[in-house]
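Everything below concerns the one structure shown next.
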Amino acid sequence: MKTEFSLAQLADPDIAEADKILRACVHCGFCTATCPTYVLLGDELDSPRGRIYLIKEMLEKDRPPTPEVVKHIDRCLSCLACMTTCPSGVNYMHLVDQARARIEKDYSRPLPERLLRAALAWVLPRPGAFRAGMILARLVRPLAALLPIPRTASATPTLWRRIRAMLALAPDRLPAPRPSGGSVFPAQGEQRGRVALLQGCAQQVLAPRINQAAINLLTRHGIEVVLVKDEQCCGALTHHLGRHDDALARARANIAAWLGEADRGGLDAILVTTSGCGTVIKDYGYMLREDRDFAAAAAKVSALARDITEYIGGIDLRPTQQHGDVVIAYHSACSLQHGQKITQAPKELLSKNGFVVKDVPESHLCCGSAGTYNILQPDIANKLRDRKVANIAMVKPDMIAAGNIGCIVQIASGTSVPVVHTIELLDWATGGPRPGLN
Ligand code: SF4
Ligand code: SF4
C-alpha cells in the first residue's frame, strides 16, 4: 500500500512503524474471510482491510479520529485472526494498538462512555476492586430488569445495554482468594526448575483454581513456583482500551519485579495461564523499544515469558489416571492461536495424557470475549458466543478446554457443558482433582 507520510511525520518512531506496516499490505483482502466482524456484519469497514484504510487516513492526514473511524475500530476484537491469514505479514496488532491509543488521546467520547471506560480501566486491573465490583454487580443484578431494553440488537450499543451485559457476567458466587504475591511453592522431590507464575487480575478473583492447578502440577514435577511480590496486572486490559501510558507503567513495574526475582533466586521462565496476558507480556520488548531505561530489560522479560502449555511441553509429565472416555472440545483462544501461534501444544498435551481431543469447527473465529469487548460490544459478542457454542456442540464434548479466562467465562455463559482450563485437565491427569465440579 502506498503511503504519503511527510519526513517530519516519519521522524516519530510510531509513525515510522505504522508506515512500515501499511506498506506491507497489498490490499488482497484474504484477511476479510476470517475476520469475525466482517463475517457477521458484512461491511468492508468492519474488515481488517477496511480498518487499515481508516487508520492510514487518520494517521497520514494527522487529524482527530472521526466518529465513523472510532465506531469501526471499536468493533475490532483484536482477535488477530487477520494476522494468521495475511500472506504479507502485516502486523495489524501494532497498527490497531496505535489507532486505539490515538483515539484515546484525540477523540472525545460521550460522557457516559468515558465514565464506563474509566471505571473498567480502574477496576479490572485491581483484584480487590474487581472482587468488590463483582459482589456489587451480583447484588444489583435483579435491578437489571428495570433498565431500558433496546428493541433490536445493535453494533453500537447504548450505555444501559453495556451495563446489562456487565451485570450478566457477574458470577453467582466467588471462590475464596488463594495465596498471593510473595508466596513460594517448593518443588516436590528433586528440584528441576524454578518459575514465576503470573497471578493475573480477573482470573485470580473468578477462578483461582486455575493457577492452583498449575502450581500443583508444576511442584509435583519438580518445579519451584514463585508468585512474585509487587507484580501488577500485565497491562493488557488498559492497553486494549487505548490507555497506553497506564499499560506501559504496569509493564515497567512488572519488569522490575520479575527481574528482581530472577536476580535473587533465578527464573527459568515467567509462566502465564491467561493467554491474553501472555500475548501482551511477550510484546513488552516491542512496547518499550524506545525506552532507554527499560528496552533491554523488557526484551529479556518477553523472552522469558511462556504460555503454561509451552513450558509443560518440555517436561515429562507423569500421568497417573487415564481419561480415555472423556471427550474434550479444545477451544483455541485467539490470543493463543493468533497472538502467540500456539496451536498444537495444548491439544498434544491433552491427547498424550489420555483425553480424547476434538477440534471445534470454525476454530479460527473468536468467541466474543476479547478483554472488555463482551461488555462494550455485547450484541456482536453474544452472536459470536452463540456461534462458538453451536460449533462446540457439534463435537458432543464432555468438557470444553481453553487457555484463557475470558474465553472460559464467555463460553460458559452460553452452555451447560463444563468449561475448564487446559492446565486443570493436565493436573487431573497427573494426580489432581477432577475439574469442572466446583
Ligand atoms: S490479507 Fe494482509 S495484505 Fe491482504 S488486505 Fe489483509 S492485511 Fe492487507
Ligand atoms: S483483529 Fe480480528 S476483528 Fe480485528 S480486524 Fe483482525 S480479524 Fe477482524
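The values are calculated or read from the model by the stated rules, or taken from the named source; none is laboratory data. None of these values were measured; they are calculated from a predicted model. Because the Cβ atoms are built from the backbone with ideal geometry, glycine has one as well, and the counts that use them run over all protein chains shown. To get the accessible areas, we keep the full protein, side chains included, count just its heavy atoms, and leave off ligands, DNA and RNA. Shrake-Rupley method; radii C 1.70, N 1.55, O 1.52, S 1.80 Å.
Please report the orientation-averaged projected area of the range 333-406, defined via the convex hull of its C-alpha atoms, in nm².
5.0
When the inverse distances between all different Cα atoms of the range 310-438 are averaged and flipped, the Kirkwood radius reads 14.8 angstrom. Taking a sphere under 12 Å around the Cβ of D12 and counting the other residues whose Cβ falls inside, with K and R at +1 and D and E at -1, yields a net charge of -4. For the chain, DSSP calls about 10 percent of its internal beta bridges antiparallel. Put a plus charge on the Cβ of each Lys and Arg, a minus charge on the Cβ of each Asp and Glu, and nothing anywhere else: the dipole of the range 260-405 about its Cα centre is then about 280 debye. Neighbours of P36 by Cβ distance under 12 Å: Lys/Arg scored +1, Asp/Glu scored -1, total +3. For the range 1-113, the share of alpha carbon pairs falling in successive 5 Å distance bins from zero is 2, 12, 24, 24, 20, 12, 5, 1, 0 percent. The value for the range 274-315 of Rg(Cα) / (2.2 N^0.38 Å) is 1.26. With a simple spin-label model that places each label point 7 Å from the Cα along the Cα-to-Cβ direction, the separation between E362 and R114 comes to 3.8 nm. Given the C-alpha centroids of the range 52-72 and the range 220-264, what is the distance between them in whole angstrom? Rounded to whole Å, the Cα centres lie 32 Å apart.
On a per residue basis, the convex hull of the C-alpha atoms belonging to the range 114-259 measures out at 127 Å³. Were the residues from C28 through K105 laid out at 0.36 nm apart, the gain over their Cα-Cα distance would be 24.6 nm.
Sorting the segments 270-283, 22-35, 304-317, 174-187 by their residues' average number of neighbouring beta-carbon atoms within 10 angstrom, most packed first, yields 270-283, 304-317, 22-35, 174-187.
Using just the C-alpha positions of the chain as equal point scatterers, what log10 of I(q)/I(0) does the Debye formula give at each q in 0.07, 0.09 1/Å? Computed log10 I(q)/I(0) values: -0.33, -0.56. At an R0 of 22 angstrom, the distance between the Cβ atoms of V327 and T84 translates into a FRET efficiency of 0.25.
Just tell me, in residue order, which DSSP H segments of the chain are both 30 angstrom or longer along the helix axis (alpha-carbon based) and at least -1.0 in mean Kyte-Doolittle hydropathy. Helices meeting the criterion: 244-265. Placing R0 at 25 angstrom, the Cβ-Cβ distance between L10 and D293 gives a FRET efficiency of 0.50 after rounding to 0.05.
At R0 = 30 Å, how high is the FRET efficiency between K20 and K352 if r is their beta carbon distance? Nearest 0.05 is fine. FRET efficiency, K20 to K352: 0.15. A full extension of the chain between K61 and I135 corresponds to an added length of 22.0 nm, given 0.36 nm per residue minus the alpha carbon distance.
Probing with 1.4 Å while keeping every protein chain in the model, the per residue accessible area of the range 241-356 equals 40 Å².
Entry note, the chain: the mean residue ellipticity at 222 nm calculated from DSSP H runs of n ≥ 4, each adding -39500 (n - 2.57), is -14000 deg cm²/dmol after division by the residues and rounding to the nearest 500.
Based on the mean of other beta carbon atoms within 10 Å per residue, what is the order of 46-55, 412-421, most packed first?
Packing order, densest peptide first, comes out as 46-55, 412-421.
Each Lys or Arg adds one and each Asp or Glu subtracts one; over the other residues with Cβ under 13 Å from the Cβ of A24, this totals +3.
Judged by the mean number of other Cβ atoms found within 10 Å, the most tightly packed of the peptides 205-213, 10-18 leads the ranking 205-213, 10-18.
Only protein atoms count toward the accessible area here, which uses a 1.4 Å probe; on the chain, the carbon and sulfur part of that area reaches 55 percent. Over the range 213-292, the ratio between the Cα radius of gyration and 2.2 N^0.38 Å evaluates to 1.17.
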